[in-house]
Amino acid sequence: MTTTDPALPTPEELDAHAREQFAEHEGLYEEWVAEQGDEWATERQDQWLADNAPDRAQHELSTGLLLANVALTQGLFLAILVGAAVLAHVPPAALGVAWGHFSLPALAVGVGLGVALYVANQVGTSVSARFDIETGEELRALLAPDTPQGWVVLLAGVLPLVAVFEEFMFRAVLVGALAVGFGVSPWLLAVVSSLAFAVGHGVQGPAGVAITGTLGFVLAAVFILTGSLLAVVVAHYLVNALEFVVHEGLGVEWT
């Protein structure tokens, strides 16, 4: 029984590989690619995609499972909170969900607030990065999809659910319902709920916790002043959605 040795690279292939490695080491890789032509670049890209297909498929599977877990757990907790509020006969106005709270002005406040908070969040993150303070952006990268279908699920399903659940719990329940039910100052509850909100985002690191706590207090203040859950849900959603789209989708980073 005979065996065939794998084909060894030709001298030309070895020379091309050596010159490619030299170009990459010297920072001249873009010039090297331009010299080889579009056909060569396309072949190398196809080869890279083929070599990394299993890793990309595994990443997409992990991201999908993580998104499904987030949607399932937060959806379940939201259902429990809503059920408890109904059984406790909490007034809709205390939760910011009376009919009058769903209005165009409330929506406009939410949009403006969301954009402003996103900008403030990025400024805080940039300052933290300059001082090497952890901001926990790895979680965002892990949740970012690789396919158009994944982005639809994230932007139209998971992120709206996250915004509704967290605002209902930290603003509607911990501020609105407790203020009405126990006669406690809503501003005191805003501080408490913001601390809880920050601790709940501990995975984002020290800077992430500080930034999240500050954003949480601003959202609580807007909820108190407007009485509308819609305004803070829209703002919360926009902060998260803009972070994903700008940084993970478009690859834009603040400096």
Looking at (1) at pLDDT 95 or above; (2) open to solvent by 40 Å² or more (accessible area, probe 1.4 Å), which one does L229 not meet, given that it meets all the others? (2)
In region 174-201, residue farthest from the chain's Cα centre (by Cα) [restricted to those that are farther than 23 Å from F102 by Cβ and hydroxyl-bearing (S, T, Y)]: S185
Contacts under 9 angstrom Cβ, first residue in region 100-128 being at pLDDT 95 or above, partner crowded, with 19+ Cβ neighbours inside 10 Å and among the aromatic types (F, W, Y), 6 or more apart: G110/Y237; G114/Y237
The conditions are (1) within 27 Å of H101 (Cβ to Cβ); (2) open to solvent by 20 Å² or more (accessible area, probe 1.4 Å); (3) not aromatic (F, W, Y), and Q204 fails exactly one of them. Which is it? (1)
Of the conditions (1) at pLDDT 95 or above; (2) touching a helix residue (DSSP H, G or I) at 6+ places or on another chain (Cβ under 6 Å); (3) small (G, A, S), A93 fails just one. Which one is it? (2)
What number goes with the only condition from (1) open to solvent by less than 60 Å² (accessible area, probe 1.4 Å); (2) on the phi < 0 side of the Ramachandran plot; (3) touching a residue at least 60 places away in the same chain (Cβ under 8 Å) that T214 does not pass? (1)
Under 6 Å by Cβ, and 6 or more places apart or on different chains, what pairs join a residue from region 227-255 that is within 19 Å of P160 (Cα to Cα) and in contact (Cβ under 8 Å) with a residue 24 or more places away in the chain with one that is aromatic (F, W, Y) and open to solvent by less than 20 Å² (accessible area, probe 1.4 Å)? V232/F223; V239/Y118; L242/Y118
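The values are calculated or read from the model by the stated rules, or taken from the named source; none is laboratory data. What you see is a predicted model, and the numbers here were worked out from it, not measured in a lab. So basically every Cβ, Gly included, is an ideal-geometry build from the backbone, and we count neighbours across all protein chains shown. With ligands, DNA and RNA removed, areas are computed over all heavy atoms of the protein, side chains included. Shrake-Rupley method; radii C 1.70, N 1.55, O 1.52, S 1.80 Å.
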